[in-house]
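Presented below is the structure to which this report refers.
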Amino acid sequence: MRVAITGAAGHVGSSIARCFRAEGWEVMSFGRRSVEYAQRVHFQLGADAQQLPWQDVDALVHCAYDFQPQEWEKIHEINVDGSIALLRAAWENGVKRVVFISTFSAFPGCRSHYGRAKLEIETAALVLGCEVVRPGLVWSNTPGSMMRALERAAHSRLVPLIGDGSYPQYLVFDEDLAQLVLALSQPHAAHIPRAISAAHPEKHSLRDLLQLLAGKQHRWPHFVPIPWRLMYAGLKTLETLGLPAPFRSDSLIGIVFQNPAPDFDLPELPGTTFRPFE
């Protein structure tokens, strides 16, 4: 069996690629960066997906997202239109199973650009018969992405806290997420006509998470509450000036405006379970 993965060089994509390889699949990477565990085919969102080598591809897992654009029009052009073109090309070229990796930040009424873009792609993906997965905050033995930013913050003596730190987070272990994607990619798996929330239903506040991460490092930081609007203004200023920021301003919007009622109903798939955060 052969799977093509976009974003295979990223934290989530690489975990999914390792899982497929462990199960004996051949892994192809459609992306811009080389990866040691997959044959790479150069591709970036917005390019002509019809030109990709679809022959003998049994499954596509679409993880890639371009975080460089800041304005909605460009985000839509590259990420939304580019993703839908990729999914349609896979369908038109006979790829049997397609899994789109969305986000917990995608839900009706979401405020972040990231969530809005993913939600629009979800709609098109379900029409095409793709499987849609919404991962929560991904944790692993090798932290990446947003979790890495939280670990860095927890290492300091003074830790800036978004508001009172009560914003809820739902977490998923990277290997559990990969097992779900693997199960959905099997040739005879039933189509799930809705987005699947991939996270353990236990809720963690942002403050609790930071305290747990700090305790892991044997540190006991002092939290400094900062109104989220003030923090957002600071992040936007850094982005406008082209200076490095601890995380993106749009990620802050996603943290503050979470899905108020996530659906944790998990379809019956072999080997799929979500462990609580350790």
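The values are calculated or read from the model by the stated rules, or taken from the named source; none is laboratory data. Remember, predicted model here, so these are calculated numbers, not experimental data. For neighbour counting, all protein chains shown are included, and Cβ atoms are generated from backbone atoms with ideal geometry for every residue, glycine included. Please note that ligands, DNA and RNA were not included when accessible areas were found on the heavy atoms of the full protein model with its side chains. Shrake-Rupley method; radii C 1.70, N 1.55, O 1.52, S 1.80 Å.
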Ellipsoid semi-axes in whole angstrom, largest first, where each is sqrt(5λ) of the Cα gyration tensor of region 102-142: 20, 15, 6
Gain in length, ARG219 to LEU128, computed as 0.36 nm per residue apart minus the alpha-carbon separation, to one decimal in nm? 27.9 nm
May I ask you to rank TRP91, TRP220, TRP72 by accessible area, largest first, using a 1.4 Å probe over the protein chains only? TRP220, TRP91, TRP72
Descending accessible area (1.4 Å probe), largest on the left, turns TYR114, TYR232 into TYR232, TYR114
Sequence-distant residues sharing a close amide H with ILE5 (under 5 Å, placed H): MET28, SER29, PHE30, VAL61
Distance between the C-alpha centers of region 30-81 and region 185-200? Whole Å please. 21
Nearest 0.05, what FRET efficiency do GLU23 and LEU238 give at R0 = 45 Å with Cβ-Cβ as r? 0.60
Scattering profile of region 1-84 at q = 0.16 Å⁻¹ [log10 I(q)/I(0), Debye over alpha-carbon scatterers]: -0.59
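Considering only DSSP states other than H, G, I, E and B, which trypsin sites (Lys or Arg not before Pro) in region 209-241 qualify as loop sites with at most 14 other Cβ atoms within 10 Å?
Numbers: sites: LYS216, ARG219, ARG229, LYS236; in loops: ARG219.
Of the trypsin sites (Lys or Arg not before Pro), the ones in loops of region 209-241 whose Cβ has at most 14 other Cβ atoms within 10 Å are ARG219.
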Run the Debye formula on the Cα coordinates of region 32-139, all scatterers equal and no solvent, and tell me log10 I(q)/I(0) at q = 0.11, 0.21, 0.22 1/Å. -0.34, -1.22, -1.32
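According to the Cα gyration tensor, what semi-axes, each the square root of 5 times an eigenvalue, does the equivalent ellipsoid of region 92-195 have, listed from largest to smallest in whole Å? Could you put the intermediate results ahead of the total?
On the way: eigenvalues 194, 60, 19 Å².
Here the semi-axes work out to 31, 17, 10 Å.
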Straight-line reach from LYS74: which lysines have a Cα under 27 Å away, not including same-chain ones fewer than 8 places off? LYS118, LYS236
Solvent-accessible heavy-atom area per residue, rounded to whole Å², over region 133-198 at 1.4 Å: 40
Taking θ = phi - 60°, what integer Hz values does the Karplus form 6.51 cos²θ - 1.76 cosθ + 1.60 yield along region 47-59, in sequence order, with x for Gly and Pro? 7, 6, 6, 5, 7, 6, x, 6, 4, 6, 7, 8, 8
Helix 228-241 against the longest principal axis of the chain: what's the angle in degrees, Cα atoms only, rounded to the nearest 10? 60
Across HIS113, HIS204, HIS218, the residue with the highest GNM fluctuation in the chain (Cα network, 10 Å cutoff) is HIS218
Counting only residues 5 or more places away or on other chains, whose amide H sits under 5 Å from the amide H of ALA195 once H atoms are built in the peptide plane? none
Approximate spin-label separation ILE192-ARG275, in nm, with each point projected 7 Å along Cα-to-Cβ: 2.0
Under 20 Å by backbone N from the virtual spin label 7 Å along Cα-to-Cβ at GLN55, the residues of region 83-106 are 89-97
Give the whole-number value, in cubic angstrom per residue, of the convex hull volume spanned by the C-alpha atoms of the chain. 129
How much of the accessible area of region 40-135, probe 1.4 Å, is carbon plus sulfur, in whole percent? 47
Rounded to the nearest 0.05, what FRET efficiency is calculated for ASP263 and ARG157 with R0 set to 51 Å and r the Cβ-Cβ distance? 0.80
